[in-house]
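Each value in this text was obtained by applying a stated rule to the coordinates, not by laboratory testing. Treat the numbers as computed from the prediction; the structure is a model and nothing was measured. Positions of Cβ are generated from backbone atoms using ideal geometry, with glycine treated the same way; all protein chains shown enter the neighbour counts.
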Amino acid sequence: MSDEIPLLSVRELKALEEASGMPFASVLVVKKLAGKTASNGNPFLVVELGDRTGSFGCTVFSDGEVFDSIKAAGEGGVLRIEGRVDYYQSRLSPKLLKVTALAEEELAAPGLIDNLVEIAPEPAEGLWTEFQAFIEAINHDELRMTVRSVFEDVGDAFRWTPAAVSMHHAYRHGLLEHTVHMARACKALLPLYPEVDADLAMAGILLHDTGKIIEYEGTLATKRSRKGILQGHVVLGYQLARKAGIKARLDAARLERLEHIILSHQGEPEWGAAVYAATPEAVFVSMIDNLDAKMGMVQRALRQANEQVEFSERLPGLNTVLLTKPLP
């Protein structure tokens, strides 16, 4: 294949729906990589490749150089891909013909990393300023000191960590964006529910996902860390909050309820919750978390939508495709 083939982004590739078999070239990051074995005993790779505009999955069998190149690059590797457009079950799944790992000096090319790494659509500095204002608006002194102490301990990692590996807000600054969106919703909804302690609910929202700072690792591809696998962000966040609450001399009743918000915010044990939400504040926070997670999936699908296609690909978190074509 010729080097003169223009480089296409994932969004541009997905716009070639009717061009099955068309040659293409792209520079992409290996977002996920899993080795599997076929029924005949032959190994193959299930790989997800992407850039800041989206991602796609494909299967790579062991009967060629492409298999070895991708396996050697591993998750987070940056590859120049040449192939032909193909689809499987109406999803982009191209045939990869040539794969070359980019050398370290090539990664320094102007704009390259920016094209590979998806970031939150809202500027991070503005989100962080707003986030700090939410902390300072907590009226209860020990609660405010508890929240402030957690973020002093975790440092700047909260500002760039994604909120998930793939489900929602799964991009740089995604955790900050998700938390600020939840805090905005909390502030708007609190007047409707006077039974909910406002300071406790806001503190719970600001701290609910802090364990993800420890759960996730990686620069170009996000994966779960050793602690993330063995403990999970719910338990890790609980530990951060408990340590900070004791340090701030938060009273036992509020600390217990704050811990419960973090332990229950995932909603269901099958989704990762340690317990079901059993206080007014915990129910409130869990519902806001679920709302923003799902709307985050919607917003991302709309940003990545192909103008020529009416519906998105199936979104696992919503268990359906999404109508992305705007109203006339």
key: Exposed-loop-free span, longest in the chain, where GluC sites (Glu not before Pro) count as exposed if DSSP calls them loop and at most 14 other C-beta atoms lie within 10 Å   = 19-194
inquiry  = List the chymotrypsin sites (Phe, Trp or Tyr not before Pro) within region 149-255 that DSSP assigns to loop and that have no more than 15 neighbouring Cβ atoms inside 10 Å.
reply    = none
request  = Under a 10 Å cutoff between Cα atoms, tell me which one of Ala109, Ala170, Ala133 has the largest fluctuation in the Gaussian network model of the chain.
outcome  = Ala109
message = I'd like the distance separating the alpha-carbon centroids of region 147-177 and region 189-210, in whole Å.
response = 19
ask   = Between Met297, Met202, Met22, which gets the highest mean-square fluctuation from a Gaussian network model of the chain, Cα cutoff 10 Å?
value = Met22
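Run the dipole for the chain about the Cα centre, Lys and Arg Cβ at +1, Asp and Glu Cβ at -1, nothing else charged, and hand back the magnitude in debye, nearest 20.
Rounded to the nearest 20 debye, it is 540 debye.
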Dipole axis of region 86-189 (+1 Lys, Arg; -1 Asp, Glu on Cβ), positive-most option in Ile113, Pro94, Phe158 = Pro94
remark   = When the charge dipole of region 10-115 is computed with +1 at the Cβ of Lys and Arg and -1 at the Cβ of Asp and Glu, the Cα pointing farthest to the positive end, of Thr53, Gly41, Val27, is that of Gly41
Calculated SAXS-style log₁₀ I(q)/I(0) at q = 0.06, 0.09, 0.11 Å⁻¹ - the chain, Debye, Cα scatterers = -0.25, -0.54, -0.77
query = Once you charge only the Cβ atoms, +1 for Lys and Arg and -1 for Asp and Glu, what is the size of the charge dipole of region 58-132 about its Cα centre, to the nearest 20 debye?
reply = 500
remark   = Per the charge dipole of the chain (beta-carbon charges, Lys/Arg positive, Asp/Glu negative, Cα centre), the residue among Leu240, His181, Gly83 reaching farthest to the positive end is Leu240
note = With label points set 7 Å from each Cα along the Cα-to-Cβ direction at Ala72 and Asn115, the distance between them in nm comes to 2.3
query = If the limit is 24 Å between Cα atoms, which of Lys31/Lys95; Lys95/Lys294; Lys32/Lys325; Lys14/Lys98 go over it?
reply = Lys95/Lys294; Lys32/Lys325
ask   = Suppose every K and R has +1 on its Cβ and every D and E has -1 on its Cβ; what is the size of the dipole of region 124-303 about the Cα centre, in Debye to the nearest 20?
value = 560
